[in-house]
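Reviewing the structure listed below.
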Amino acid sequence: MEHLTAVLPLLAILLAVGAFAGVLAGLLGVGGGIVLVPAFFYLFSGLGYGADGVMQVCVATSMATIIITSTRSVTAHARKGAVDWQLLRDWAPFVASGALIGVLLVSHLNTHALTVIFGTLVLAIALYMAFGKQSWRLAEGMPGRGFRIWFGPLMGAISVLLGIGGGSISTPMQTLHGIPIHRAVATSAGFGVIMAVPSTVAFLMTPVENAPPYTVGAINLPALIVIGATTAVTAAWGAALAHRLDPKPLKRIFAGFLMLVALNMLRKALF
């Protein structure tokens, strides 16, 4: 009974986090991982697993859940004809190779370094979400193969370093090149699958010392199962809402939340 009392609050927290992350993945195209990584970090640290490898577990587990979240999200968007499949095919090999580079980087960085990187890059993403405008353009059409060759691997590597599905990078990248926001959000869900599948396989073969119980490689199975089951439902809800609501005010509120999370993680890492 005492064991059950300890487990139930943990289960409730994971369910709530999973529901929130899934809706965000479908609604805003930012990737549920941007919520999951700090949630896992605070959860595992609070349970006493604050060793050098805990951020590796957070990032890896987040990437594994993105397979479920992004698959559900891209399927829901595809029913509405919003996904640019040709763009995904053109970018897939470059983004997937970058994701594997990201796994290699994560495996060689400790929790302190990963926390600083996460906090810094998420702060930059939050600032763009808060102050960026949909009218901003670099061009009125996606660039060619030369751009894909360098930006695809970069996007994949950074996304894995952050434990996100890439929507926070691929969505603005597309809108800056003239792609409508709803189509960009839908296609970004496909990028999430492309990044998450190879990185998850690699993370399963990347052991972490002093990891939380029931961790295989760098992926914590209880967190994956609970979060995955929850986001499988709520990602589709978020995708449906994306076609009914104006996400702009929601993005600004969420950007403020991300700034607080990023600054707090930087504070914990640096002071």
inquiry  = Can you go through 79, 89 and tell me which one is of a type in the set (Lys, Arg), free of Cβ contacts under 8 Å to residues at least 12 places away in the same chain, farther than 22 Å from residue 155 by Cβ and surrounded by fewer than 17 Cβ atoms within 10 Å (Cβ to Cβ)?
reply    = 79
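Yes/no matrix, rows are residues, columns are (1) in contact (Cβ under 8 Å) with a residue 40 or more places away in the chain; (2) touching a Leu at 6+ places or on another chain (Cβ under 6 Å); (3) surrounded by 21 or more Cβ atoms within 10 Å (Cβ to Cβ):
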{"residue": "191", "(1), (2), (3)": "yes, no, yes"}
{"residue": "194", "(1), (2), (3)": "yes, no, yes"}
{"residue": "199", "(1), (2), (3)": "yes, no, yes"}
{"residue": "203", "(1), (2), (3)": "yes, no, yes"}
{"residue": "211", "(1), (2), (3)": "yes, no, yes"}
{"residue": "215", "(1), (2), (3)": "yes, no, yes"}
{"residue": "218", "(1), (2), (3)": "yes, no, yes"}
{"residue": "226", "(1), (2), (3)": "yes, yes, no"}
{"residue": "230", "(1), (2), (3)": "yes, yes, yes"}
inquiry  = Of the residues 224, 266, only one is in contact with a Ser or Thr (Cβ under 6 Å, 6 or more places away or on another chain), modelled with pLDDT of 85 or more, on the phi < 0 side of the Ramachandran plot and not acidic (Asp, Glu); which?
reply    = 224
note = Checking 47, 100 in turn, the sole residue that is in contact (Cβ under 8 Å) with a residue 24 or more places away in the chain, under 19 Å from residue 213 (Cα atoms) and surrounded by fewer than 22 Cβ atoms within 10 Å (Cβ to Cβ) turns out to be 47
Residue in region 105-164 that is farthest from residue 207 (Cα to Cα), counting only those that are of a type in the set (Lys, Arg) and assigned to a helix (DSSP H, G or I) = 145
query = Looking only at residues in region 165-195 that are over 11 Å from the mean Cα position of the chain (by Cα) and not in a helix (DSSP H, G or I), which one is nearest to residue 120 (Cα to Cα)?
reply = 176
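The values are calculated or read from the model by the stated rules, or taken from the named source; none is laboratory data. Everything numeric here is computed off the predicted structure, so don't read it as measured data. Neighbour counts run over all protein chains shown; Cβ positions are idealised from the backbone, glycine included.
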